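Please treat every number below as a calculation from the coordinates, not as lab data. Only a predicted model underlies this, so the values are computations on that prediction, with no experimental measurement involved. Cβ atoms come from the backbone with ideal geometry, glycine included; neighbour counts cover every protein chain shown.
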Amino acid sequence: MKHLKIALLSGVAAFALASTAYADGHACDIGEGRVSIIGNEFPAIQTLGAGAAACASDSAEVTANLTKEHKNIQVPGMTNNPAEYTVAIISNGSIAPLMTDNLIRPLDDLIAAHAPDLPNQQKITLDGKVMAVAFMANAQHMVYRSDILAEAGLEAPKSYEDVLANAKVLREKGIMENPVGGAYSAGWGIGQEFNNMFIGHGGEFFKAGTAEANINNEKGVATLEMMKALSEYMNPDFLALNNNEISAEWKAGNVAMLQMWGSRTPALLDPEGSVEGVAENTALTGPMMVGDSGTPATTLWWDGWTIASNVSDADAEASFKAMMASIDPSILEQEGVNEQAVWLIEGYEPTNLSEGVFQTIKSGATPYPTLPYIGLLHTALGAELPDFMQGKESAEQTLADVEAAYTAAAKEAGFLQ
Amino acid sequence: MSETAVSQAQSRSFILNIVIWIFVAFWLILAAFPFIWTLWGSFKVELDFFSLQDWTNALFGPQTQAVHGSPFTGEGYHGAWVQEEFWRAVLNTSIVCFCVVCISLTFGTLGGYALSRSGFRYTFWLLMIALIFRAMPPITLVSGYLQPFFAWNVWGILPTSIIVLVAINQPFTLWMLHSFFTKIPMDLDESAKVDGCTQFQAFRYVIIPVMWPGVITTGLFSFLLAYNDFAVTAMLLAKENQTMVPKIAGFLGTTQTEGNVMFAVAAVVSATAPLFVLVLFFQRQIVSGLTAGAVKG
Amino acid sequence: MKHKTFFWFFLPTGLAMLLFIFLPIVSVISQSLHVPVDAVLVTVEECGPFGCKPSTTIDQEATQLLRDANPLGQWAGLEIYFDRSHLAVAEVGELWRNSESWGAFFNRLGNLPFYRAMAFTLTYTFVATPLLIIFGLMIALAVNTLSSWIKGLVIFFSLLPFIVTPLVGSLILFWMIDARGVVGSFIQWVFNDPTLSLKASTPLTWITLIVYGIWHSAPFAFVIFYAGLQTLPQDTLESAVIDGASRWQRIRYVVIPHLTPLVTFVALIQLMDNFRVFEPIVGFNAEAHATSLSWIIYNDLSGEQRLLTSAASTSVLTILCVAILLSPVLVRTWRDFNGKT
């Protein structure tokens, strides 16, 4: 009643494709119940939304609200009983608030009853209970300009030390003034870059088993110093450049080495959207190493779906069946779907676009933590690091500020006493 | 008009006229240049309009020429209107704006009129409280609404957003209309009441006919608030009921995925075009609304 | 007007404000005094597409017991108001004891988020507000002298900065002021400094934001002043002309006094709006250089883990600050009111 049918929401074309796919033999019967999905809006998720919508019938209502505001809406929308949303599409970065408030249910019984063959790699289990089903992977990895590096006689970088050395040569030879790129914008962006680099230095964010921050140490200092050194070779506006803007810099041919999201590489490799010669010479490689920890300086991400705990068993069951149908391997046969993401679904064929993400997985990178309090540390980092990056204070002072800001937030949220 | 009489009496010097013209031209450039630049650029590809090589690319569009064979392309408009169905958002915005303006003005004129005609001390405190209410950051208000609205099953629909926008804008509307009504002589409705009208009849037959100028100015601000709102509509509307501004925000992409900036640019231009038509159409009413002595302190 | 009549006239607007502003404010105040209950943490194994590893999560059963016992959350009193993210009483006290000079004290005060935000918010409010009022007045006086056929068009174009949605307006301006954008290139040319970047330095970012604020809000002042100018008492003006008053004297002694109540009104609204400055900071990605109280609230609410108590306390502090800021105007209005009755 409150929502129009999903056909209106997620691209008519995708819907048409989905319906034909399900019409020939994959028609799903989800029985009776209500399916209501909340999630972000990008093509892969819209494919899922359309797939689930194809399961709608007279007895089963399927709606989806796929919007950029999903993070702000999902917790209030799933807190009441019965919850507005029966399904939340989340990533390892956004599942924590739902778990903290106990808003999602274990899926073991539903998997046993309806999807006994679900591959283990898609199950997100916590304490032996399956809490989410993953469908795609993502990671930040290195992208470089093969022509520029070749012109200077340089190799593709393997570590951030290489990046610095290459950048120095490129600047000295006058080939490029600011060859290094990165989404260092104050806020989430720079916080994420710190996370990557800190993991690369072998850091652990928290003292084991507690919510006490563990970043104010020599690994933290080394992390900040490396970030500062890299920023010397970046556009001087780097604190104001987020992923969109840095991607535009790349496409204009102003950057030669950039750590970028795998999900954004299709745009970088599209010759129509770039200055001539840029997309053709854009090469993808795995993540960078830093120091001698042996762990690459990046994080792995998955996107998956969860079922609300505040809904009836019938709705949960219908939702589970609809979502399983939406990630059926047959969706990959639809035109363009295989290229939409690095799917974790059986039958996915890697393309040249997924090269970087696969190398990242192989390189032994660690996933972004799903800890309940990681978001608070991330926010504190994003707010406090710009002072150091602008040279206003020392690394030690900045790390102490981050720790103090995080501690205040974690005390308020009840994670620290 | 006595205005012309005065201006003749003043007989501006030639130099002063030049100075005024230069100032107005300067202001017009300042006010309109970004918009005209955007209008021109909306027919280019992203690489030209947001060029990081040379800003003149936005003027001549070499990349647009290379991709589309002409320095102009309607790609952005096609994407926004056909592919992303921007017209739905336009429709929703029209509904929201129309309802917000009507309801705001109805509530506001009744309340503002009452405040201006009652001499009791509580009217002062009501005005002060309304002002303090306005100090509340809307983002906090909106995040507080979410859970109750979900519980009452009213989240996501247009009427909810309309009434919230009306409520958030009431303090401003009240203040503006109150100051306007205090300038309408009390004798007008007092004499009507002496003739046997009730307070409401006095309001209906005596005040309403003379209040339009003030109402038009206030209405203009209510309209712009509803039209430009992001905080309320982005959080309180389901995707299919989205208005223009959150829809445009949706074109800008997320951290992990590339958006389509030119859709947003084309949408912004399209969103301003109806206002242009509206202002030209209602030009006389707006100018006369302002001219006839709308607001006074 | 009788109390009863007043009540019925005021009911719709009063009810709307009661339901959608007053009740939320009450709940925000209550929220600011409570924090979530302490979470009971357990270490468990977590597995996913990328392998297994130990992780920490919340023991839901144990935590639920605590939640049931304190449905509103744990009583915190004013604790959150005084913590480091807000008034930072303990930290400020320590700074005060350890700083040798006022300069050092203020310098290090700027390291605390609340005071850093206050520094920008107050600068912005007190620079942008008077300038935009003066600018708006100048535009209104100038437009008022134009012939009527062109007025409508000029009014429309004057409204544009106010109409174009700040979300995209700032996106386009953000690019225009880029070192390679049209305005950025122009500024570099004017100052003859090819390395000048508005986005990389704190003072230039502040100036950019203030200029944007004036540009965006001047049309508001303009419209109100323009409307006020239409009601100028013509006879006073004419007698001033006959008495040989110069143009400037007429503006100074006839026009300005006539517009004073409107200036108060515009100042009231703009002081409040400028104090809550938020959109340009996000639009220009300026948070590395400038933050505001509203930005702090946004930051608390938009993280992965929302900090409701913190956002609520900052909101209450915002209201208190606005009340202090407006108190001179309020006192004046009170005197006017008493004079009226």
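Taking every DSSP beta bridge that has both residues in the protein assembly as shown, what percent is antiparallel when rounded to the nearest 5?
Values: 40 of 55 bridges.
Roughly 75 percent of the DSSP beta bridges within the protein assembly as shown come out antiparallel.
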**Crossing angle, helix A:374-389 versus chain A [Cα axis fit, 0-90 degrees, rounded to tens]** = 20 degrees
**Asked** With each pseudo-label sitting 7 Å past Cα toward Cβ, what's the A:THR210-C:THR195 distance in nm, one decimal?
**Response** 4.6 nm
**Check: the stretch C:114-340 dipole with +1 on Lys, Arg Cβ and -1 on Asp, Glu Cβ, in debye** = 260 debye
**Asked** So for B:SER179, B:SER42, A:SER293, fewest C-beta neighbours within 10 Å to most, what's the order?
**Response** A:SER293, B:SER179, B:SER42
**Complete:** Checking rank on A:167-173, A:137-143, with mean other Cβ inside 10 Å and highest first, the result is A:137-143, A:167-173
**Asked** R0 = 30 Å: FRET efficiency of A:ASP127 with A:ASP29, Cβ-based, nearest 0.05?
**Response** 0.35
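With a/c under 1.5 counting as rounded, go ahead and sort the protein assembly as shown into rounded, prolate or oblate using the C-alpha gyration tensor (a ≥ b ≥ c being the square roots of the eigenvalues; past the cut-off, prolate if a/b is larger than b/c, else oblate).
Prolate is the answer for the protein assembly as shown, as a/c is 1.5 or above and a/b outweighs b/c.
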**Message:** Below 8 Å, C-alpha to C-alpha, sequence gap of six or more: please give me the relative contact order for chain C in percent.
**Reply:** 21 percent
**Asked** Counting Lys and Arg as +1 and Asp and Glu as -1, what is the net charge of the other residues whose Cβ lies under 12 Å from the Cβ of A:ASN244?
**Response** -2
**Request:** Quick one: dipole size for the stretch C:24-134, taken about the Cα centre, charges +1 on Lys/Arg Cβ and -1 on Asp/Glu Cβ, in debye to the nearest 20.
**Result:** 520 debye
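Counting each DSSP H run of 4 or more residues in chain A as -39500 (n - 2.57), what helix-only mean residue ellipticity at 222 nm follows after dividing by all residues, to the nearest 500 deg cm²/dmol?
Taken over chain A, the calculation gives -11500 deg cm²/dmol.
Using the Cα gyration tensor of the stretch B:139-204, with a ≥ b ≥ c the square roots of its eigenvalues, what is the shape: rounded (a/c below 1.5), prolate (a/b larger than b/c) or oblate (neither)?
prolate
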**Request:** For the stretch B:80-291, build the charge dipole from Cβ charges (+1 Lys, Arg; -1 Asp, Glu) around the Cα centre, then report which of B:LEU127, B:LEU91, B:ILE139 sits farthest towards its positive end.
**Result:** B:LEU127
**Item:** Cβ charges +1 (Lys, Arg) and -1 (Asp, Glu), total dipole of the protein assembly as shown, debye
**Value:** 4800 debye
**Fill in**
In the neighbourhood of A:LEU170 defined by beta carbon distances under 11 Å, the net charge of the other residues (Lys, Arg +1; Asp, Glu -1) is +1
**Message:** Run the simple label-point estimate for C:ASP243 and A:ASP109 please: 7 Å along Cα→C-beta, distance reported in nm.
**Reply:** 8.9 nm
**Request:** Measure nothing but the geometry: give the 0 to 90° angle between the long axis through the Cα atoms of B:86-117 and the longest principal axis through the Cα atoms of chain B, rounded to 10°.
**Result:** 20 degrees
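Assuming R0 = 60 Å, can you tell me the calculated FRET efficiency for the pair B:PHE14 and B:ARG121, based on Cβ-Cβ distance, to the nearest 0.05?
0.65
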**Message:** Tell me which of B:GLY111, A:ASN338, A:PHE238 sits at the most positive position along the dipole axis of the protein assembly as shown, charges placed on C-beta atoms (Lys, Arg +1; Asp, Glu -1).
**Reply:** B:GLY111
**Item:** Cα gyration tensor shape for chain C, rounded if a/c is under 1.5, else prolate or oblate
**Value:** prolate
**Fill in**
Going fewest to most other Cβ atoms within 10 Å around each Cβ, B:VAL279, B:VAL82, C:VAL42 line up as B:VAL82, C:VAL42, B:VAL279
**Value of relative contact order over the stretch B:80-291, rounded to a whole percent, pairs C-alpha under 8 Å and six or more apart** = 33 percent
**Order of A:TYR348, A:TYR373, A:TYR144 - criterion: other Cβ atoms within 10 Å of each residue's Cβ, fewest first** = A:TYR348, A:TYR144, A:TYR373
**Request:** Can you give me the span-like helices of chain C, meaning DSSP H runs with 18 Å or more of Cα extent along the axis and Kyte-Doolittle mean at or above 0.5?
**Result:** C:3-17, C:113-144, C:148-163, C:202-229, C:256-275, C:308-340
**Two-site FRET efficiency, B:TRP212 against C:ASN107, from Cβ-Cβ distance with R₀ of 60 Å, rounded to 0.05** = 0.60
**Request:** Taking 7 Å along the Cα-to-C-beta vector as the label spot, tell me the A:ASN217-C:THR5 distance in nanometres, rounded to one decimal.
**Result:** 7.7 nm
**Message:** Give the average, rounded to an integer, of partner chain Cβ atoms located within 10 angstrom of each Cβ in A:135-142.
**Reply:** 1
**Asked** Once amide H atoms are built 1.01 Å from N in the peptide plane, which residues 5 or more positions from A:MET136, or in another chain, come under 5 Å H to H?
**Response** A:ASP303, A:LEU344
**Complete:** So the angle from the long Cα axis of helix A:218-231 to the longest Cα principal axis of chain A, reported in degrees to the nearest 10, equals 80 degrees
